[in-house]
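K.L.:
Sending over a structure as structure tokens; questions will come in a sec.
The values are calculated or read from the model by the stated rules, or taken from the named source; none is laboratory data. The shown structure was predicted, so the numbers you read here are calculated from the model rather than taken from an experiment. For neighbour counting, all protein chains shown are included, and Cβ atoms are generated from backbone atoms with ideal geometry for every residue, glycine included.
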Amino acid sequence: MRKKILLWLCLGFASLPIACLWAANWVAAKQEKQSQQQWQVFTTRFADSAPNRTALQLEVLSARLGINLLGAKSDRLTPTAVQQFEAIQPELQEFLDKQLEDATDAVEPLPPPLQKYLWAHADTLDAIRQQGLQGEVPQWASVMSRPNATQVRPNFAGFVKLQRLLAIDALEKNRLGQTETAIANLEASWRLTQGLRDRPELNSQVVALIMTRIQAGSLRKMQQLPPIWHQRLLEHDYRQSFQAALNWESWLVADLIRRTDLLAKPEHAGLQPLWQSIRQPYLRLAALDAASKMRRAYTDLPQQNVCLFNPRTFDDDLGTSLAFWNGEGGDILFGFAQQWRTAGYLMLDLEFTQKVLSTKALNTFEPVSTIVTPQSRICPHAQWIYRASPTQTWTLSFSQALERPARKTKGLVLPLTYRAKAQKI
């Protein structure tokens, strides 16, 4: 009798892990079905698309400049064109950032290498301008059926390169008094950005943010801009589109966690199938837990005041919200809140640019020492401050100091102060 009891106990203990694995797989399958339904609801906002004629034409024209918009599959570039552009790229970025970080109307003459490049490619740049003015908003291929970090997308680095080139050409044309051509350049760059800013992938949003910041800095240098520029600067809220991109990213994070063991190189290849069968239910549940907690945390972002938002505290709260048994994900779960704050800071840059353009458009000079304007729309607790001097110089500034990265570590940082002379008195 004792032997039978011991036998049943042994069988029970032996079957317990199998039962646990079965139960874990069953729970994971049920939660994955719910997650897939949430994904389908989320992606109804974003339709699959194919490249349109404007996008294809821009790819051809950009290739003549040595800039690749297509990605690794592009066969339109010539070694000579690439070499010519790469030769000026470091100086191009350094010169442009220096001009846009200067808090005045001043623009320096182009260095000779940049000037020579623009002259040599004037016809191609003109064709890109015309495409931006006459064509539809460029649209590149996108597949929204499932989150896949490896799907083919445009070459986002190429977009930033083209944007910088259009910007320095616009600044130079404006400096030389060719205002209409300068504005046409900015219009083309604006249309190019529109093709990216409504896509849900985080990479698209980051690149659209970089491009829009370049546009905002360039617009501050311009004179006699059409009123439409005052209106359109805040028409797209990057805080909202970044929130959607972070939700998209949560499904990619879940996919990475599920595939943790597949991506790692096993020490003993023969034991890999057994190890995966044991670990997989845990990884599936860990992925679901991490992704759902990320999306839950992101729902609170629209209510945040970006100027008071602390991304480190946000990440700490996200980390503590994970299930106690969930040790997966690591650093890939964190850092997204910092990117959302960067998107909010861009909205502040755009609001400030709108204030600069509105002040330039005034027909009279306000000879008072200081005017505190209505509160900021982006950061309601803070104000824009207008100051004037007897020499008919005016200054705009923001009432709050922000925690912003140094330019050398994070690229272009636009100033939140501006100084210029009144054009009309």
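K.L.:
Just to verify a result, which residue in segment 46-57, among those that are part of a helix (DSSP H, G or I) and either among the basic types (Lys, Arg) or within 21 Å of the chain's Cα centre (by Cα) (or both), is nearest to Ala245 (Cα to Cα)?
P.N.:
Checked segment 46-57; the qualifying residue nearest to Ala245 (Cα to Cα) is Ala55.
K.L.:
Among all residue pairs at least 6 apart or on different chains, which show Cβ distances below 8 Å where the first residue, located in segment 116-136, is under 10 Å from Gln57 (Cβ atoms) and the second is basic (Lys, Arg) and part of a helix (DSSP H, G or I)?
P.N.:
From segment 116-136, the pairs are Gly135/Arg53; Gly135/Arg191.
K.L.:
I'm trying to understand the selection: among the residues of segment 296-334, which are under 18 Å from the mean Cα position of the chain (by Cα) and closer than 19 Å to Leu252 by Cβ?
P.N.:
Tyr298, Leu301, Ile332, Leu333, Phe334
K.L.:
May I ask you to list the residues in segment 376-393 that are farther than 21 Å from Asp237 by Cβ and of a type in the set (Lys, Arg)?
P.N.:
Arg387
K.L.:
Could you run through segment 293-311 and say how many residues are assigned to a helix (DSSP H, G or I) and free of Cβ contacts under 8 Å to residues at least 12 places away in the same chain?
P.N.:
Here the count works out to 1.
K.L.:
State whether one or more residues within segment 356-369 are modelled with pLDDT under 85, under 28 Å from Ser292 (Cβ atoms) and out of contact with any Lys or Arg (no Cβ under 6 Å at 6 or more places or on another chain).
P.N.:
No: zero hits.
K.L.:
Only one of (1) under 18 Å from Leu350 (Cβ atoms); (2) modelled with pLDDT under 85 is not met by His268, so which one is it?
P.N.:
(1)
K.L.:
Within segment 168-175, is there a residue that is of a type in the set (S, T, N, Q), without any contact (Cβ under 8 Å) to a residue 40 or more places away in the chain, within 25 Å of Leu110 (Cα to Cα) and in a helix (DSSP H, G or I)?
P.N.:
no
K.L.:
Further question on the same structure: I'm trying to understand the selection: among the residues of segment 183-217, which are free of Cβ contacts under 8 Å to residues at least 40 places away in the same chain and among the hydroxyl-bearing types (Ser, Thr, Tyr)?
P.N.:
Thr193, the sole residue that qualifies.
K.L.:
While we're on this one: Find the residue count for segment 187-210, including only residues that are under 15 Å from Val137 (Cβ atoms) and assigned to a helix (DSSP H, G or I).
P.N.:
Final tally of qualifying residues: 13.
K.L.:
Do you know which residues across segment 223-238 are touching a residue at least 24 places away in the same chain (Cβ under 8 Å) and either among the hydrophobic types (A, V, I, L, M, F, W, C) or over 22 Å from Arg175 (Cα atoms) (or both)?
P.N.:
Selection gives Leu225, Trp229, Arg232, Leu233, Leu234, His236, Asp237, Tyr238.
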